[in-house]
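The values are calculated or read from the model by the stated rules, or taken from the named source; none is laboratory data. Everything numeric in this text was worked out from a predicted model, so none of it was measured. Backbone-built Cβ (ideal geometry, glycine too); neighbour counts: all protein chains shown. Each accessible area value is taken on the protein alone, full model and side chains, heavy atoms only, with ligands, DNA and RNA left out. Shrake-Rupley method; radii C 1.70, N 1.55, O 1.52, S 1.80 Å.
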Amino acid sequence: MNDIAAKVLEGDPRSIARLITHAENTSPLAASQMKKIHPYTGKAYVIGITGVMGSGKSTLIYEMTKEYRRQGLKVGIIAIDPTSPFSGGALLGDRIRMTELATDNGVFIRSMGTRGMLGGLASAVYDVVEILDASGKDIVLVETVGVGQAEVDVIKIADTTLVVLVPGLGDSIQTIKAGIMEIADIYVVNKADRSGVEQAVAELESLIDIACNDKDRKTPVLTTIAKQKKGILELVKEIENHKNYLKKTNRFQAKRRKRYEAELVEIIRKRLMNFIFDESTFKGKVESLIDQISKKEVDPYSAADEILGKILK
Amino acid sequence: MNEKIRVLVAKPGLDGHDRGAKIVARALRDAGMEVVYTGLHQTADMIVETAIQEDVNVIGLSLLSGAHMTLFKDVTSLLKKKGLNDVLVIGGGIIPDEDVSNLKKAGVSGVFGPGTHCDDIVKFIRKNVKK
Amino acid sequence: MYDKKKMADIKKKKAEWNKDCYSKHIKKHSERKKIFNNLSSIEINSIYTPDDISHLDYNQNLGFPGIYPFLRGIHPTMYRGRLWTMRQFSGFGSAEETNKRYKYLLEHGETGLSVAFDYPTLYGYDTDHQLSRGEFGKCGVAISSLKDMEILFDGIPIDKVTTSMTINGPAAIVWAFYIANAKNRGISKQIIGGTIQNDILKEYIAQKSFIFPPEPSMRLIVDTFEYGFKEVPRWNTISISGYHIREAGSTAIQELAFTLGDGVEYVKWAIKRGLKIDDFAPRLSFFFNAHNDFFEEIAKYRAARRIWSQELKNLGAKKDRSMLMRFHTQTAGCTLTAQQPEINIARTTMQALSAVLGGTQSLHTNSMDEALALPSEKAARIALRTQQIIAEESGVTDTVDPLGGSYYIEWLTDKMVEETYKYFDKVEKFGGVIPAIEKGFFQREIAESAYKYQKELDKKERIMVGVNRYQMDEPIEIPILKMDEKGEERQINRLKKLREDRNNIKVERNLANLKRAAHGNKNLMPFILDCVHSYATLGETCDILREVFGEYKEPAIY
């Protein structure tokens, strides 16, 4: 079992898959193996793809992947779908659009449930990026949930973030207003064979003039028709341009640093929450404090002080 | 630890009847499992590769065209060839009794026909899942 | 429908009855359920009376059989004149085996043929294609070329018997096989009669045996419309089908609304092409499901006729022939149980009766063993006999629309019309049927209904006899159909020999011509006919179209 990290580094699919499962389950083995693979990470370029449901993200990813494969690059894909808050289960259906990639050994696709994480990502996504990176993938594509409007967390993990829109979807512009505007490195107007493309592009351009990510770079707006493979090559080139821009302006290292920061925060958060709410040390105490709060014998802030006091002492 | 049963629901062959597959996928989701659904027209290669990458505990095959003897067996023998011995395989469809015993011999552990209660599938998976 | 004073009296009396009798009664003896919902989740009242249908105008909304709006039937005499066509959907294994079954069914009184094809054929692949693996002859007969079609109908009088063919994606090609076979036998195109299903919209929505994307698929369909009314005038060039939508789990209302919506869409495309509505509309036919809820099904068929005639009139039809809806019905396969299979005969009888009371033009009754396998000879014969009992013994054929005027039936019919128009509005908001398909609207609606139905069964809120009540543990004693194991090998050899023996230069030329035509906008039927006459196979012909048109991928909905 201990050589799972070594096998991951060799690119063995079953070991990659198994280590991802361990990471998702936050098993002790995951921590030990993740430590081993970290030195071998940092090579893969991470692209985040976000946008509303029905914008064709999966098809876009499928076509982008085929283009990267033509260029001889290896691709990892992380497709995230929401976990039901009621049952804890999830329906992971993004592979439907990518079935032909299943048998390409230069591609590894993993579907993940959010498992309680908000912001459009899954809790273990940082680990999964590292694992795919360590396994020798040149490109890692992260597809966010695509149902909510506040899927901004993807910028914490992606080197380049694509925001995908479609013409005529009434809520497109609203989505932008809701904060997605700030996260895009590239806008993609997909399904550009539909009417209203010019309008959608024009609206975007005018919004970009008002708010832009980087002051010295105007966020480009691209049109694609993923279904007909149109605009894909241009998109891939534009991502390359953005990569070069990041490197030239020393923003690349800053981005990566931010990702590690987010990852560290997430690991600590998970461990801390686990420590407080799941481990036997605290579980009884927490339960009784909740009872006390319900009976108005104590207020939630004092209860929090008490728990944190115990940890911090 | 935060383990979840992961299931691949797949439709091998050309059959397009996906009502059962979709209902089962949703029922398993509602039972707290993570269900990967890959859509129609899957080859045995696609199913097995997907099962590897998604590290599923269970593969649920659904087929109503009657080609189950060929197509289900294609999947189980490929699983064996690749050494995936810890994946539970179940199947559903219009499957006559005499085929059921043959399929079980070939490694399809549970076979569910029309009129199956979704809970029975959930229970079967929970009881027989191997890892 | 009634005079005002009488209506006021009835309403008054009903209120009194409700207060003094009904309400008091149920206080003491509660009903079996708090709410009685039918399968479409429509709440059903304890009783229906004239005031429930007082808003209807008899002449305008119900009328008389044989005239607009055709709600009560499309012929003035209905079954007093001629019984429905007894048409059993059948096909398995090789063309030889199915040919034998057809002859058997005709000998036993069947009056029309209906071909079930296997999956490779439905997807336009030859038997020797790699994706055909394991599927040969499994859920229908394998037809890869004109040669197979010749064998399938060998010795069957296709100048007299009509044939329905359940084929969609490659419908134009398979129809061409049939026409070519007739021609080779010296039978004129003008005489042969039958139906091709040719309904691609419901494939995207429910049945999923699609090949090409919507646009080129619609083009091919309009090509068959045009070729049909000009060259094969007795042929129904489409059978707009709700059957599969229902089997995929929809409610009766969804079946009705989505099917009629599809129908209107086809008409619009044909008009857009420049065809005259009164030329092609008389050759449009429909295909519905007969499910469990007896009265709801009857109301569905009646509502369908009323809506269709209204819609066709609105689209500009002038001839009665264009406005009257002819339809085939099949009892619901999804209601059959693998448990205690013999009781499926009773289920099927009820369902078939609803179709007859709803005024169907042709009918398929399922065999009792179909939840287990393809029907055996005996099971298929009993299914046919079921129809014959309804036709010859029950007396329901003696008058037209015998349930017309039932307060419940008329109320429910009208309610289904109303609900259908609500769905039409929803689809309109998506920008039409095809955009709604691409956004997964229908698929999502159906998946929701299917899941809800299953949950109701699981919770025993709905009862399926033998499945979640009155179960038995007994060995099943139904002989299962065995297929000829050599069939597949024989078929593959036949294909190999065909490819050697035919004039391949001619085949190449015809396929190249088809390709050129597909890139343009000419009617493709003559080009397809040339291909099949020269014994180009189904797969080869379809591949040309796949190359030009591309293949459809469905949106992810579950």
From the options C:THR162, C:THR111, residue that is open to solvent by 40 Å² or more (accessible area, probe 1.4 Å), away from chain B (no Cβ under 14 Å) and either within 24 Å of the chain's Cα centre (by Cα) or closer than 22 Å to C:LYS496 by Cα (or both): C:THR111
Flag if C:PHE177 is outside any strand (DSSP E or B) and within 14 Å of chain B (Cβ to nearest Cβ): no
Residue ranges of helices (runs of 4 or more DSSP H) in the range A:231-313 with at least 3 members in contact (Cβ under 8 Å) with a residue 12 or more places away in the chain, more than 16 Å from A:THR160 (Cα to Cα) and not charged (D, E, K, R): A:251-277, A:280-294, A:300-312
Members of the range C:127-153 that are more than 9 Å from every other protein chain (Cβ to nearest Cβ), more than 12 Å from C:SER94 (Cβ to Cβ) and part of a loop (DSSP other than H, G, I, E, B): C:ASP128, C:HIS129, C:SER145, C:PHE153
Test: residue in the range C:381-398 that is assigned to a loop (DSSP other than H, G, I, E, B) and within 14 Å of chain B (Cβ to nearest Cβ): no
Some residue of the range C:513-521 being open to solvent by less than 70 Å² (accessible area, probe 1.4 Å) and within 29 Å of the chain's Cα centre (by Cα): yes
Single unsatisfied condition, C:GLN351 versus (1) in a helix (DSSP H, G or I); (2) among the polar types (S, T, N, Q); (3) open to solvent by 10 Å² or more (accessible area, probe 1.4 Å); (4) touching a residue at least 60 places away in the same chain (Cβ under 8 Å): (3)
Unique residue being exposed (fewer than 15 other Cβ atoms within 10 Å of the Cβ), farther than 25 Å from C:LYS553 by Cβ and modelled with pLDDT of 95 or more when the list is A:GLU240, A:GLU234, A:GLU205: A:GLU240
In the range A:80-93, the residues that are among the small types (Gly, Ala, Ser) and assigned to a loop (DSSP other than H, G, I, E, B): A:SER84, A:SER87, A:GLY88, A:GLY89, A:GLY93
Residue match in the range C:70-85 (condition: closer than 30 Å to C:LYS482 by Cβ and either in contact with a Ser or Thr (Cβ under 9 Å, 6 or more places away or on another chain) or of a type in the set (D, E, K, R) (or both)): yes
Residues satisfying the stated conditions in the range A:28-58, i.e. assigned to a loop (DSSP other than H, G, I, E, B) and either among the β-branched types (Val, Ile, Thr) or open to solvent by 10 Å² or more (accessible area, probe 1.4 Å) (or both): A:THR41, A:GLY42, A:LYS43, A:VAL52, A:MET53, A:GLY54, A:GLY56
Wholly enclosed helices (runs of 4 or more DSSP H) of the range C:227-320 bearing at least 1 residues touching a Pro at 6+ places or on another chain (Cβ under 8 Å): C:294-314
Cβ-Cβ under 6 Å pairs, at least 6 apart or on other chains, the range B:110-123 side within 10 Å of chain C (Cβ to nearest Cβ), far side open to solvent by less than 40 Å² (accessible area, probe 1.4 Å) and not β-branched (Val, Ile, Thr): B:GLY113/C:ALA338; B:PRO114/C:ALA338; B:PRO114/C:ALA371; B:GLY115/C:ALA338; B:HIS117/C:ASP458; B:CYS118/B:ALA27; B:CYS118/C:ASP458
Any strands (runs of 3 or more DSSP E) falling wholly within the range B:1-108 and containing at least 3 residues that are open to solvent by less than 40 Å² (accessible area, probe 1.4 Å) and within 11 Å of chain C (Cβ to nearest Cβ): none
Test: residue in the range C:73-89 that is assigned to a loop (DSSP other than H, G, I, E, B), touching a strand residue (DSSP E or B) at 6+ places or on another chain (Cβ under 9 Å) and open to solvent by 20 Å² or more (accessible area, probe 1.4 Å): no
Failed condition for A:ARG69, given (1) at pLDDT 95 or above; (2) farther than 24 Å from A:ASP153 by Cα; (3) within 13 Å of chain B (Cβ to nearest Cβ): (3)
